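Right, one structure below, let's go through it.
Please treat every number below as a calculation from the coordinates, not as lab data. If you're wondering where the values come from, they're calculated on a predicted model, not measured in any experiment. Quick reminder, even Gly has a Cβ in these numbers, built from the backbone with ideal geometry, and neighbours come from all protein chains shown.
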Amino acid sequence: MSDGLPATLHLKVVAPRRLLVETDVEAVFLPTLEGQIGVFPGHRPLFVGLGRGRIVYREGGAEDSVAVRGGYAQVQPEKVIVMTEVGEDDEAGGAAA
C-alpha cells in the first residue's frame, strides 16, 4: 500500500436547488441501492446509485448526516460528489417519519 494516500476526502452533496454539504471528511457512508457502503480516503473510483436514507460523514471526530432520496454518487480517491433529491428540510437535521 502507498503512504501517499490523502488524509481526508472532499465531500460535496448537491440537491437541485441548493448545496447541502461541502466539507473535508475522514469517512462517508452512503445508502446505495445495494446497501450501505463506507468510503475512506484513497477509495478506488466508483459510480453508484443511491437509495433513500442518510449520508453519514465523519469530520474532526464528530459525525453528521443529511437525508437523501435517490440520486447517485461519484467516488474518487480524494473526493465524493453526490447529486440527490432531499426529503424534508434537512438543514435542521429533522428526521423523516
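Computed over the range 9-90, relative contact order equals 32 percent, with contacts defined as Cα pairs under 8 Å that lie 6+ residues apart. Diffusion coefficient (Stokes-Einstein, Kirkwood radius over C-alpha pairs, 4 °C, 1.567 mPa s) for the range 9-90: 105 µm²/s, rounded to a whole number.
Phi-derived couplings, Karplus 6.51 cos²θ - 1.76 cosθ + 1.60 at θ = phi - 60°, listed residue by residue for the range 40-53: 10, x, x, 4, 5, x, 7, 10, 9, x, 9, x, 8, x Hz, with x used for Gly and Pro. Projecting the Cα atoms of Thr23, Gly51, Val80 onto the charge dipole of the chain (Cβ charges, centred on the Cα centre) puts Gly51 farthest toward the positive pole. Taking a sphere under 15 Å around the Cβ of Gly49 and counting the other residues whose Cβ falls inside, with K and R at +1 and D and E at -1, yields a net charge of 0. Among Ile55, Ile37, a tally of other beta-carbon atoms within 10 Å of each Cβ gives an order, fewest to most, of Ile37, Ile55.
Shape of the range 1-45 from its Cα gyration tensor (a ≥ b ≥ c, root eigenvalues): rounded if a/c is under 1.5, otherwise prolate when a/b > b/c, or oblate? It comes out oblate by the Cα gyration axes.
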